[in-house]
Structures are given as C-alpha cells and as structure tokens.
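The values are calculated or read from the model by the stated rules, or taken from the named source; none is laboratory data. These numbers come from a predicted model, not from an experiment. For neighbour counting, all protein chains shown are included, and Cβ atoms are generated from backbone atoms with ideal geometry for every residue, glycine included. Heads up: the accessible areas ignore ligands, DNA and RNA and are worked out on the full protein's heavy atoms, side chains in. Shrake-Rupley method; radii C 1.70, N 1.55, O 1.52, S 1.80 Å.
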Amino acid sequence: MTKSRLAGLASLVGFLLTVPLANYFVSRIGTICLPDGPCLIPVAPGIMSPSGVIWAGAALILRDLVQRQLGVAWSTVGVLIGAALSYLISPALALASAVAFLISELIDLAVYTPLQRKGLVIAVVGSSLVGLLADSVSFLWLAFGSLDHFAGQALGKAWMIVLSLPLLYWLRNRDARELRSSNRLPKGPAAARFQTS
C-alpha cells in the first residue's frame with residue numbers, strides 16, 4: 001500500500017471520527033451547557049459557539065484530504081457514512097446533525113472538485129468556507145430552531161481552517177517535491193505555476 005493511500009485512509013478514519021466527536025461535544029462538553037440547548041465554548045471575546053464546532057471544522061478539511069488522496073468516490077462514500085453515523089450516534093441531535101453534515105459536505109465536495117485544479121490551499125479554504133456556512137445555518141436551525149450562535153459557529157470553523165493552513169502548505173510542497181523528483185512535474189513556467197498554486 002502506498003504512502004498516499006495510507007494517508008488517505010487515515011484521513012477517512014479521522015473524517016468519520018469527527019462525527020461522533022462533534023455530537024458528543026455539543027451535548028456534553030463546554031464551558032457552559034444550556035438546559036435543552038448546546039454546550040458552548042468561546043471562539044472569540046464575547047462570542048460563543050456550540051462546542052462541536054471544533055470537530056465540524058476539522059471534518060471540512062479532512063473530507064477534502066480524503067478526496068485528494070483517495071478520490072471523489074471515497075469522499076462521497078465517507079460523506080454518506082458520516083451522515084448515517086451522525087444519525088445513529090446522537091438521537092437528540094440526529095436529524096439536525098445528519099442533514100447539516102450531508103448538506104455541508106456535499107456542497108464542500110462540489111466546490112472543492114473544480115477548485116483543486118487551482119491548487120490545494122485555494123481548494124480547501126474555498127470549499128471549507130462554503131461548507132461551514134451551510135453547516136452552521138442548517139445545524140443550528142434544525143437542532144435548536146434558532147441562528148443565535150451562527151457567528152460563533154462560523155468563526156469557530158474558520159479558526160479550524162486557519163489552523164490547518166501550515167499542514168496544507170506542507171502537503172502541497174511535499175507533493176511538488178515528489179512530483180519533481182519523479183520527473184512527472186512539467187519543466188519551466190508550468191512547474192513554477194504548480195508550486196505557487
């Protein structure tokens with residue numbers, strides 16, 4: 001098994017683990033747990049978010065890495081398994097979590113696929129930003145009938161995207177080195193464009 005395939009499978013497992021972790025956190029772990037509401041954490045001064053935001057943000061990035069390393073089919077299967085897990089793991093948040101997960105991940109998938117030609121970092125950041133908005137709106141509305149914590153949800157997921165940037169740059173540069181060393185990277189201006197994308 002190649003290193004890329006192993007990394008892809010690790011990304012897939014991590015992606016699927018974000019589902020139960022997000023549901024567990026939002027219902028049990030936070031600095032404040034509201035009666036009949038989510039457990040909250042601060043994501044900026046004066047801005048709170050349901051605590052599952054950490055794992056929901058990670059899911060957006062990991063799904064893109066699954067597609068990059070294993071392909072669209074595996075990514076789509078991961079999204080469907082994740083939605084099913086979401087439904088099975090948290091009965092209290094089942095419908096909201098499963099629907100939000102499915103909507104945001106399919107939107108994220110649709111945006112990432114065409115953007116990946118422009119480069120890894122652009123594709124992951126662009127698709128994750130679109131996905132986080134869809135996920136935040138659909139989850140909050142379906143789970144709690146309110147968008148009260150929308151700013152916190154969006155900001156918390158954006159923080160996860162920012163924190164992933166060093167890893168994304170490292171992956172992009174590692175892949176460029178591997179392609180260059182195997183003589184599969186085009187020479188001249190095309191190679192320069194690949195490195196900066």
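A compact table of results
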read-out	value
The chain - accessible surface per residue (Å², probe 1.4 Å)	50
Amide proton proximity set for Ser49, modelled H, under 5 Å, gap of 5+	Ile41, Val43
Computed [θ] at 222 nm, helices only, for the chain once each DSSP H run of length n ≥ 4 contributes -39500 (n - 2.57)	-26500 deg cm²/dmol
Relative contact order (%) - the chain, alpha-carbon pairs under 8 angstrom, separation at least six	21
Global form of the chain, assessed from the alpha-carbon gyration tensor, a/c cut-off 1.5	prolate
Global geometry of the range 52-117, whether rounded, prolate or oblate, following the gyration tensor of its Cα atoms and the 1.5 cut on a/c	prolate
Solvent-accessible area, 1.4 Å probe, carbon plus sulfur percent, for the chain	71
Probe 1.4 Å, all protein chains present, accessible-area order of Thr31, Thr113, largest first	Thr31, Thr113
Equivalent ellipsoid dimensions for the range 129-172 as semi-axes, Å, which come from the Cα gyration tensor, largest first	26, 9, 6
Whole-angstrom Cα spans of the range 1-110 along principal axes, big to small	47, 28, 24
Residue order for Lys3, Lys157 - accessible surface, 1.4 angstrom probe, largest first	Lys3, Lys157
Which of Tyr24, Tyr112, Tyr87 is most accessible, then next, and so on - probe 1.4 Å	Tyr87, Tyr24, Tyr112
Neighbour net charge for Gly131 - beta-carbon separation under 13 angstrom, K R +1, D E -1	-2
Helix 94-115 vs. the chain, principal-axis angle (Cα, 0 to 90°, nearest 10)	20
